[in-house]
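The values are calculated or read from the model by the stated rules, or taken from the named source; none is laboratory data. Model, not experiment: these values are computed from the prediction. Positions of Cβ are generated from backbone atoms using ideal geometry, with glycine treated the same way; all protein chains shown enter the neighbour counts.
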Amino acid sequence: MLYTDLTSLSLPKLLRYEDRNSMAFSLESRLPFLDYRLVEFVYTLPAEDLISNGWSKWIFRQSMKGVLPESIRWRRSKLGFPTPEEKWLYTGRDYIRQLLSTSDPDLLSPYIQPQLLPQLSDLPDQELVKVPGLWRLVNLILWLDIYMNPKSVKSPDELQSLVI
């Protein structure tokens, strides 16, 4: 499974994100832990050097003793490439409420329960922006309105103005 993750599942996607993020900020990034010699070496290690007592990256954590602060060395969370989604949603909360209240229930009904939209719209700002899947819902509503709603045929100029 580790080989499959490394060669065709997780790692290629993560590398694509890393590449896009670094290019977006004109940075040249390096990934020293992906040096082929290190990767080949890690594949020769016994499983107990990789995972021990419920801790992943065991050999790495041990080798970083005295190098990394303990709070980082023993951190379990994975940070990845988080986006400021909650900030975006909070900034656009008025627009989102407008979308929720004016969207066409007939277009939405195959995908969600449209009767839930008023409940979402009535939530306080801080609760609204934390609704799981809100970003996806907003995008679904916009996509359906732009491409599937015959009542809202838009000219190319109108479509361009929707691009953020």
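Looking across Gly133, Gly54, one residue alone is at positive phi, loosely packed, with under 14 Cβ neighbours inside 10 Å and within 23 Å of the chain's Cα centre (by Cα). It is Gly133.
Contact map, the stretch 127-150: residues that are under 14 Å from Arg97 (Cα atoms) paired with residues that are among the polar types (S, T, N, Q) and assigned to a loop (DSSP other than H, G, I, E, B), Cβ distance under 6 Å, separation 6+ or inter-chain. Pairs shown: Ile141/Ser103.
Each residue in the stretch 1-49 was checked for being surrounded by 10 or more Cβ atoms within 10 Å (Cβ to Cβ), assigned to a helix (DSSP H, G or I) and charged (D, E, K, R), and 8 pass.
Taken over the stretch 71-115, the criterion of being under 24 Å from the mean Cα position of the chain (by Cα), part of a helix (DSSP H, G or I), farther than 29 Å from Ala24 by Cβ and not charged (D, E, K, R) is satisfied by Leu100, Leu108. Looking at Lys13, is it under 18 Å from the mean Cα position of the chain (by Cα), of a type in the set (Lys, Arg) and more than 30 Å from Lys151 (Cα to Cα)? Here the answer is yes, as Lys13 does meet what is asked.
Scanning the stretch 108-130 for residues that are modelled with pLDDT of 90 or more and surrounded by 14 or more Cβ atoms within 10 Å (Cβ to Cβ), we see that the one that is farthest from Tyr95 (Cα to Cα) is Ile112.
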